[in-house]
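The structure appears right after this line, and notes come after that.
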Amino acid sequence: MNSSRKRSIAISGIVALSLLAAACGSDDDTDSTSAPTVASTTSTTAGSDTTVSGSTGTTTEESMTTTEGSTDTTKGSTDTTEGGSTDATSKVDYAALQGSLIASGATFPKSFYDEAIANFAEVAPDLTIEYGGGGSGKGRSDLQEQVVDFAGTDGVVKPEDIAKFKGGEFVYVPTVLAPITLSYNLPGVDKLQLSPTTISDIFQLKITKWNDPAIAADNPDATLPATDIVVARRADGSGTTDNFSKFLNAAVGPDAGGDWALGSGSELEWPDGTQAGDGNSGVAQIVTSTEGAIGYVDLSDAKANNLTFAAVKNKAGKFVEPTLEATSEAAAHVTVKDDLTFFTGWADGDGSYPIAAQTWIIAYTKQADPAKAGAIRGFLTYLLTEGQDLAPTIDYAPLPDELRTKALANVAKIGA
C-alpha cells in the first residue's frame, strides 16, 4: 500500500464525452438533491497523514448506461472519435504540469490516493501534491473555506450547505469503490457471519457478548466465547460512518421494519461505552489491540493491519465476503444521479457485498489560476485512466467504464 509498489501501468482507453452544464448536489448523510450550484454532465457512447509527491447519464437499477453523442473537450480531458472511442491521456502532457496542489479529506480512499500520487510524480515531476486525511467532513469543510484545492469525500454535500462553498460551483468526481469490512478480534474464531439485524444490535450495544444467541444463530457451526464485545467506531466526521450507517438504515432501519435507531450520517450519537478512533486506521488500531473488539474499516486498512473480517448477509439473503468482485457486482446495480452521486450499499444481486462504498473528489469548476486548473484536471484524469489500474493492487475496485466516462466529463468542467 505504499509508494514502493509496482509503478508500471497500462494506459486505459476512455469512452467519448459530451458535456452539458446542469446542477445538482447534496452532504454526508443525505442522498443527492437537485441544486443550482453543482455541475452535472451528460456522457455518451455509441451503443490523517499527509502524502507528498515531487450526467446527465441515463442509468437503470441494473447497469450504468449512456446514449450516442460526441464532444471535444479541454486539454486534460478527452477528444472523441467516431464510435465514441478515445484516448483521454493523449490530451494531457503530464510532464508540463507545474506547481503544487493541496487536498484533504476521506481516509477511506487515502491508500489509493497515496499510491497514485507517488506514481504520478514519475510522470509529472514538477507538480507536488499533498493529500492529508482528516475525514470526509474535514475535506468538505476545507474546500468550503478554500483552504484546499480539492477534497476527498465519501459522502455528499447537504443541499443547505452548497451555498456556503466560497468558490461557487463544484463537481463530484468518483474515483474508486471498496468494501467496508466488519473487522473483529476474536482469537479462535477465524470465520464469522453477521446479519444486518445482528450488526445493528451489536453497534447499539444491545448485544454485548460474543456468544449471544443472535450471533450463534448466524454462525451455527462456530464455537463462540463469552468474551465481552467492544465496539470501535469513528471519532471524526466520516464518510465511512455515513456509508456504514446508510447500510444499516436501509437494511434494518424503521422504514425496513428493523430496530436500527441511530439514523445515518457522518457523525452519529453513539451509545456510551463505544470506543472512538480517528480515521479508518484509528478504528483498525482499536480492533487490533483489543480482544473482543469489532469495528467498521475499509478493506485496505483492514488488510494493512492484518485484521480478520466477517461475511455479511446481503439483500438477497446470502452471506458475502468483502471482496472487490462483490463490490463491483454491487456497483452494477446502483442508480447514478445527474451529479454523479450514488449509494453502493445494500444493492441488489446475489453476489453483492452489502456494505460496498464509493468515494469522490470534489473541486471547484472555476479556478483563479489557469495553471492550477490544468494541474487539477491532469491529476484527476490520471486517477481515472492509468490510476485505475493501480486500484486492485491496493484493495480498491476500479470504476465501471460508463461511470469513468461521466467522471472524466466532470473533470473537463474544471477551468479558469
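FYI, it's all coordinate maths here, none of it is from the lab. Please read these numbers as outputs of a predicted model, since none were measured by experiment. A quick note on method: Cβ atoms are made from the backbone with ideal geometry, for glycine too, and the neighbour counts reach across all protein chains shown.
So what are the ³J(HN,Hα) numbers for the stretch 365-372, from phi and the Karplus equation (6.51, -1.76, 1.60; θ = phi - 60°), rounded to whole Hz, Gly and Pro as x?
With coefficients 6.51, -1.76 and 1.60, one gets 6, 9, 10, 5, 10, x, 5, 5 Hz.
What does the charge count around Phe319 come to, taking other residues whose C-beta lies under 9 Å from its C-beta (Lys +1, Arg +1, Asp -1, Glu -1)?
Working: positive: Lys313, Lys318; negative: Asp218, Glu321.
The answer is 0.
If you count, for each residue, the other Cβ atoms within 10 Å and average over each peptide, how do 164-173, 130-139 line up from highest to lowest?
On the way: 164-173: 19.5, 130-139: 26.0.
Sorting 164-173, 130-139 by mean packing, highest first, produces 130-139, 164-173.
Pick out, from Gly378, Thr365, Gly345, the residue whose Cα sits farthest towards the positive end of the charge dipole of the stretch 281-394, with +1 on the Cβ of Lys and Arg and -1 on the Cβ of Asp and Glu.
Thr365
Run the reach check for Lys206 against lysines, Cα to Cα strictly under 20 Å, same-chain hits fewer than 8 apart removed. What comes back?
Straight-line reach from Lys206, under 20 Å: Lys246, Lys313.
Working out 0.36 nm times the residue gap between Ala96 and Ala368, then minus their Cα-Cα distance, what length gain in nm do you get to one decimal? Mind showing how you got there, number by number?
Numbers: separation 272, 0.36 × 272 = 97.92 nm, distance 1.90 nm.
Difference between extended and current length: 96.0 nm.
Sort Phe108, Phe247 so that the residue with the fewest other Cβ atoms within 10 Å of its own Cβ comes first and the one with the most comes last.
On the way: Phe108 32, Phe247 28.
Ascending Cβ contact count within 10 Å gives the list Phe247, Phe108.
Over 14 Å, how big is the tail of the calculated P(r) for the stretch 328-405, in percent of all Cα pairs? Can you show the working numbers first?
On the way: 2052 of 3003 pairs.
That tail contains 68 percent of the Cα-Cα pairs.
For the stretch 298-315, just list the computed ³J(HN,Hα) in residue order, Karplus coefficients 6.51, -1.76 and 1.60, θ = phi - 60°, integers in Hz, with x standing in for Gly and Pro.
For the stretch 298-315, the Karplus-derived couplings read 4, 4, 4, 5, 4, 5, 4, 9, 6, 7, 9, 9, 8, 7, 10, 6, 9, 4 Hz, x marking Gly and Pro.
For the pair Thr393 and Thr208, how long in nm is the line joining their label points, each one 7 Å along Cα→Cβ?
According to this spin-label approximation, the distance is 4.9 nm.
Once you place label points 7 Å from the Cα toward the Cβ at Ala226 and Glu269, how far apart are they in nm?
It works out to 3.5 nm between the two label points.
What do you get for Rg/Rh of the stretch 364-412 when both radii come from the Cα atoms and Rh is the Kirkwood radius?
Numbers: Rg = 12.2 Å, Rh = 11.7 Å.
My calculation of the ratio gives 1.05.
Work out the P(r) tail for the stretch 132-255: percent of alpha carbon pairs separated by more than 19 Å, whole number.
Numbers: 4482 of 7626 pairs.
That fraction is 59 percent.
Mind listing the phi-derived Karplus ³J(HN,Hα) values for the stretch 142-153, rounded to whole Hz, using 6.51, -1.76 and 1.60 with θ = phi - 60°, and x for any glycine or proline?
5, 5, 3, 8, 6, 7, 10, 8, 7, 9, x, 8
Using modelled backbone amide H atoms (1.01 Å from N, in-plane), which distant-in-sequence or interchain residues come within less than 5 Å of Val230's amide H?
Here Ala293, Ile294 satisfy the definition.
Amide H to amide H, which residues 5 or more places from Val157 or on other chains are under 5 Å from it, using H placed in the peptide plane?
Amide H neighbours of Val157: Ser26, Asp27.
Take the stretch 180-331, compute every pairwise Cα distance, and split them into 5 Å bins from 0; I just need the percent in each bin.
2, 10, 19, 25, 23, 15, 5, 0
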